[in-house]
1. Would you pull out the residues with amide H under 5 Å of residue 225's amide H, same chain only if 5 or more places away, H placed 1.01 Å from N?
2. Under the Karplus relation 6.51 cos²θ - 1.76 cosθ + 1.60, θ = phi - 60°, what is the ordered set of whole-Hz ³J(HN,Hα) values for region 16-29, x standing for Gly and Pro?
3. If the only charges are +1 at each Lys and Arg Cβ and -1 at each Asp and Glu Cβ, what is the size of the charge dipole of the chain around the Cα centre, to the nearest 20 debye?
4. For region 193-250, what percent of Cα pairs sit more than 18 Å apart?
5. Could you rank the peptides 57-64, 149-156 by their average count of other C-beta atoms within 10 Å per residue, with the highest value first?
6. Per the Kirkwood definition applied to all pairs of different Cα atoms, how many angstroms is the hydrodynamic radius of the chain?
7. Per-residue HN-Hα couplings for region 55-62, Karplus 6.51 cos²θ - 1.76 cosθ + 1.60 at θ = phi - 60°, whole Hz, x for Gly and Pro?
8. Between their Cα atoms, which of 22/186; 45/217; 17/143 are more than 26 Å away from each other?
Amino acid sequence: TARIFRVAIDGPAASGKSTTAKLLAEKLSFGYIDSGAMYRAITLKCLRLGISPSDSSKATEIGKIAQATTITFPNMSSVVVDKTEDVSSEIRSSTITSNIGGVASNKSVREALAEMQRALARGDYPETFEGREGINHNGKQVKGMVMDGRDIGTVILPDAELKVFLIADAQVRAQRRYDEMVQRNKLEEGETVDKIKKELEQRDHEDTTRAVSPLKKADDAVELDTSNLTIPQQVEAIEELIRNRMDKFQ
Ligand code: CDP
Ligand code: CDP
């Protein structure tokens, strides 16, 4: 089988990872895997079972939940849990976001999800891309895949063909999230740019300081500050890096 060109995109919350990754995947006909959605899905399962992710006495139980869960991506923007339930919209709620820290810092959760993420990147997680032309779908193989998250370039795919580290000013990121909520009609009561900024900074702090797989730029990652870029500009910049490296890759 042909090798898959793997693109790892990491960076802090709202730096533009998923927007950029999706557009790149569409343009290049690559697969796309949203690793953050997987942490969100485990958080949702815990909350439904009445387990608080921050309760350290529940760490073993939470790890077992992750080990027993399958997470699949039937298309670019859907996340399905245990093969039956589409949780795409529910996992984006602020309740999930504010509870995710205890799941993301759980070592056995990370081990279970790492295994799934590496299988997805290799393309041997067949049921995942059912219904669309994805990695190794129906024997068809895509030329590449993009995975975004926090530890993709450092831990999950340390030998990725391209690693990108996206950053953006916290004020800009908060404003973007706010605008996105307004646009989607999802602005919750009492939400302000300032409040969102504090939450983003709090999550960045948790993500960069946790013991297991903290958010960190890989030594060989290309850093791109999107603060003053438009979405097409940041997509084009990375697309050019991919095309240059793909010439040598084949
Ligand atoms: O879209 P946003 O950047 O707000 O978040 P996300 O990518 O959906 O990730 C949500 C949370 O999951 C992050 O704040 C991390 O705590 C965790 N996560 C992680 O630990 N490792 C990853 N590879 C991806 C996400
Ligand atoms: O995945 P991550 O949390 O890193 O960020 P995102 O959800 O892709 O992007 C956060 C928001 O910033 C989205 O509403 C994007 O449309 C917006 N945005 C951007 O990503 N890049 C720009 N140059 C301008 C806006």
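All of the numbers you see were taken from the coordinates with simple rules; none came from a lab. None of these values were measured; they are calculated from a predicted model. Here the Cβ is made from the backbone with ideal geometry for all residues, glycine too, and neighbour counts use every protein chain on show.
1. Those qualifying (amide H under 5 Å, at least 5 residues apart or on another chain) are 167.
2. In residue order, the calculated couplings are x, 4, 5, 4, 5, 4, 5, 5, 4, 4, 5, 4, 9, 6 Hz.
3. With only Lys, Arg, Asp and Glu charged at Cβ, the dipole is about 340 debye.
4. 60 percent
5. The most tightly packed comes first, giving 149-156, 57-64.
6. One decimal place: 18.5 Å for the Kirkwood radius.
7. Computed from phi, the couplings for region 55-62 are 7, 5, 6, 9, 4, 5, 4, 5 Hz.
8. Distance filter (> 26 Å) returns 45/217.
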